[in-house]
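In what follows, a structure is listed as C-alpha cells, so that the remarks can point back to it.
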Amino acid sequence: MDGAESSARKILSSLRSIGRIHNPESYDPSVFLSLLDHQSRDVRREAVKQLGKFRGESIRKALTALYVSDRSTEVKRECVSSLGRQRSEELIPFFRRVITSPDPKIVIQAIQALLVFRADDSVLNELAPLDSHPNEMVRDYIAIELHGRQRGNDPDHAAVDGRLQDVVVEGDVRDILVHIRASAFHLVFTSPPYYNARDYSLYPSYRAYLEFLRDVFREVHRLTKDGRFLVVNSSPIILPRPNRQHASRRYPIPFDIHHFLVKDGWDFIDDLVWRKPDFSVKNRVGGFLQHRKPLGYKPNTVTEYLMVYRRKSPRLPDWNMRQYDDEVLNASKVTGAFESTNVWEIDPVSDKTHSAVFPPALCERVIRYYSMLGDLVFDPFGGSGTVAAVAHSLGRRFFLTELSAEYVARIRARVPVHTRFLSVSDINASMR
Ligand SMILES: C[S@@+](CC[C@H](N)C(=O)[O-])C[C@H]1O[C@@H](n2cnc3c(N)ncnc32)[C@H](O)[C@@H]1O
C-alpha cells in the first residue's frame with residue numbers, strides 16, 4: 001500500500017466513524033468541503049455523504065459543481081442524493097437537468113428530489129413524459145409516483161368465490177377459464193404439459209405449443225388477484241433423434257415461457273431449482289463416460305425449474321399481507337424449518353395413473369410460502385390432483401382444470417369428498 005492509499009484509508013475510516021451527525025449546526029462543514037477534490041473516489045463520496053447533512057448555499061454550490069466535474073458515477077450519485085436532502089427550491093433547475101442523465105439510478109434520485117415540489121404544476125409537467133423513459137425502472141417509478149401507489153384496501157382480496165371453491169372441472173382449460181370472472185385466484189401453481197414428450201401432450205409444432213401456453217397464461221393473468229404469485233414448474237426437454245443420421249433436439253421450455261410471461265404482465269421474482277437425486281434421472285452421460293471426446297458431453301439432467309412470478313402491481317407484497325386479518329396472517333406464518341436457498345432437494349414420486357406428478361413435498365413448500373390460509377389455489381393442468389390434495393391438507397381451497405377423464409378419475413380418489421366435479425357447461429352455468 002503506498003502512502004496516498006494509506007492516508008485515504010485513514011481519512012475514510014474517520015469519515016465513516018462520524019456516523020450520524022445529529023446536530024449539524026455544531027459541526028464545521030469546511031473539513032468535508034476540503035475533501036471534495038481528494039484523489040480517492042471513496043473519500044470524495046464519503047465527504048459528499050456527510051455534507052448532505054448540512055444546509056446552505058455554499059454546500060449546494062460545491063455539490064452541484066462536483067456533480068458536473070467528477071468523473072465517478074458513485075460520487076455523482078452521492079451528490080444528487082445529498083442535494084436531494086437539501087429540499088431546496090433553488091435546486092429545481094439543477095434536478096431538471098439531472099433527469100436527462102444516462103444513469104437511471106441518478107434519474108430516479110432526481111425525480112425523488114423533484115417530487116418534493118409536486119405541488120408545483122411545472123415540476124409535474126416536467127416529470128410526466130418520463131413515463132415513456134427508455135429505462136424500465138424509471139418508467140415504473142414514475143408510474144407509481146405519478147399515477148399513484150394504490151394504498152386503499154380491497155375487501156375482496158382475501159375473499160374466495162364459493163362457486164370456485166374445491167372444484168375440479170374436466171375439459172380444456174381454455175374453454176373453462178373464459179367463464180370465470182377476473183381476480184379469482186390467490187396462487188397459481190402448475191406444471192404445464194411437456195411438449196410432445198408424453199402421450200397427453202401432442203402439438204403440431206413447438207411454436208403452436210408455446211402459443212397454447214401463452215393463451216392459457218394470459219387468462220391466468222386475468223384471473224390472478226393483484227400482486228399474487230404464479231409458480232411454473234418446467235424444464236428443458238429433449239426429443240430423441242429419429243435415427244443416428246439425425247440429432248436429438250432440446251427445447252428450452254422454461255426460458256421460452258419466461259420470455260412471454262414478462263411481456264404479458266408478470267414480474268419475475270425467483271428461479272427455484274428442484275434438484276433430484278442422481279439415481280432418479282435418465283442416464284445420458286454413459287456415452288461420454290466411455291469416449292471422453294469433447295463436444296460429445298451430455299450431462300444427466302437432475303434439475304427442473306420452478307419459476308416464480310408476481311402479477312405486476314403498483315402495490316408491494318406488504319399491501320397483500322395487510323388485506324388479511326391478523327388472525328389469518330399469524331396462522332399462515334411459515335413456522336419452524338424452511339428452505340433458505342433456491343435449490344430444493346426433493347425426491348421425485350411416481351403415480352400409478354399419471355406419468356409426471358408433483359412430489360407432495362414440493363407442493364407443500366410452494367403453497368406454504370406463497371399463499372395464506374383459506375386462499376384459493378389454482379392448477380390449470382391438474383393432472384393427478386397433487387395441488388388439490390396438498391392445498392386441502394394445508395387449509396387452503398383449490399380449483400383445478402384437467403383435460404383427461406382418466407386423470408380426473410385419479411383426482412377423485414385423492415381429494416376430499418365434498419369436492420365438486422363439474423363439466424365445462426356446468427361451470428359456465430354456475431358462473432352466470
Ligand atoms: C405435467 S401434467 C401435471 C401433473 C400434476 N402437476 C400432478 O401433480 O399430477 C400436465 C397435465 O396437463 C393436462 N393437460 C394438457 N392439456 C390440457 C388442456 N388443454 N387443458 C387442461 N389440462 C390439460 C394433461 O392431461 C396433464 O395431466
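Helix-only estimate, please: 222 nm mean residue ellipticity of the chain, summing -39500 (n - 2.57) across DSSP H runs of length 4 or more and dividing by its residues, to the nearest 500.
For the chain, the value works out to -12500 deg cm²/dmol.
With labels modelled as points extended 7 Å from the Cα through the Cβ direction, what inter-label distance (nm, one decimal) is found for GLU345 paired with ARG222?
Rounded to a tenth, the inter-label distance reads 4.4 nm.
Debye sum, Cα scatterers, segment 26-100, no solvent: what log₁₀ I/I(0) at q = 0.15, 0.22, 0.23 1/Å?
Those come out to -0.43, -0.93, -1.01, one per q.
Would you please state which residues of segment 65-106 a label at SER30 would reach in this model, taking the label point 7 Å out along Cα→Cβ and a backbone N cut-off of under 17 Å?
So the set is empty, nothing qualifies.
Taking +1 at the Cβ of each Lys and Arg and -1 at the Cβ of each Asp and Glu, which of ILE59, VAL98, LEU114 sits farthest along the dipole of segment 22-157 towards its positive end, judged by Cα position relative to the Cα centre?
Checked the options; the winner is ILE59.
In degrees from 0 to 90, rounded to the nearest 10, what is the angle of the helix 57-69 Cα long axis to the longest principal axis of the chain?
60
Note down the nm distance, to one decimal, between modelled labels 7 Å out along Cα→Cβ at SER58 and at ASP120.
About 2.6 nm separates the two model spin labels.
Taking 0.36 nm per residue of sequence separation and subtracting the Cα-Cα distance, how much length would be gained by fully extending the chain between ASN196 and SER6, in nm to one decimal? Before the final figure, lay out each step's value.
On the way: separation 190, 0.36 × 190 = 68.40 nm, distance 6.45 nm.
Extra length from ASN196 to SER6 when fully extended: 62.0 nm.
Please list 226-235, 415-424 highest first by mean number of surrounding beta-carbon atoms within 10 Å per residue.
226-235, 415-424
Which lysines, on any chain, are close to LYS53 with Cα under 26 Å apart, when same-chain ones fewer than 8 places away are left out?
The reachable lysines, counting only those whose Cα sits under 26 Å from LYS53, are LYS10, LYS61, LYS76, LYS105.
State the Cα centre-to-centre distance between segment 381-400 and segment 98-160 in whole Å.
Computed from Cα coordinates, the inter-centre distance equals 40 Å.
For segment 162-431, give me the percentage of DSSP beta bridges that are antiparallel, rounded to the nearest 5 percent. Before the final figure, lay out the partial values.
Values: 18 of 39 bridges.
The antiparallel fraction comes to roughly 45 percent.
In what sequence do LEU289, LEU114 fall when counting other Cβ within 10 Å, fewest first?
The most exposed by this proxy come first: LEU289, LEU114.
May I ask you to order 368-376, 255-263 by the average number of other C-beta atoms within 10 Å around their residues, highest value first?
Answer by packing, highest mean first, reads 368-376, 255-263.
If Lys and Arg each add +1 and Asp and Glu each add -1, what is the summed charge of the other residues whose beta carbon sits under 9 Å from the beta carbon of SER82?
Every neighbour counted, the sum reads +2.
Got a sec? How would ARG214, ARG244, ARG311 order by Cβ neighbour count within 10 Å, fewest to most?
ARG244, ARG214, ARG311
Compute the long axis of helix 73-86 from its Cα atoms, compare it with the longest principal axis of the Cα atoms of the chain, and write down the angle in degrees, 0 to 90, nearest 10.
Orientation of helix 73-86: about 70 degrees from the principal axis.
What is the angle, in °, between the Cα long axis of helix 253-263 and the longest principal axis of the Cα atoms in the chain? Nearest 10 is fine, range 0 to 90.
Result, in degrees: 50.
Arranged from highest to lowest average of other beta-carbon atoms within 10 Å per residue, in what order do the peptides 182-195, 352-365 appear? Numbers along the way, then the final one.
Details: 182-195: 21.7, 352-365: 18.0.
Most protected by this proxy first, the peptides run 182-195, 352-365.
Counting alpha carbon pairs within less than 8 Å and at least 6 residues apart, what relative contact order, in whole percent, applies to the chain?
Reported as a whole number, the value is 16 percent.
For the chain, modelled as a Gaussian network with Cα springs under 10 Å, which listed residue fluctuates most, ASP131, ASP172, ASP121?
Judging by the Gaussian network model, the answer is ASP121.
Read-outs: derived from the displayed coordinates by stated rules, not from any lab. Remember, it's a predicted structure, so these values are computed and weren't measured experimentally. Reconstructed Cβ throughout: ideal geometry from the backbone, glycine too, with neighbour counts over all protein chains shown.
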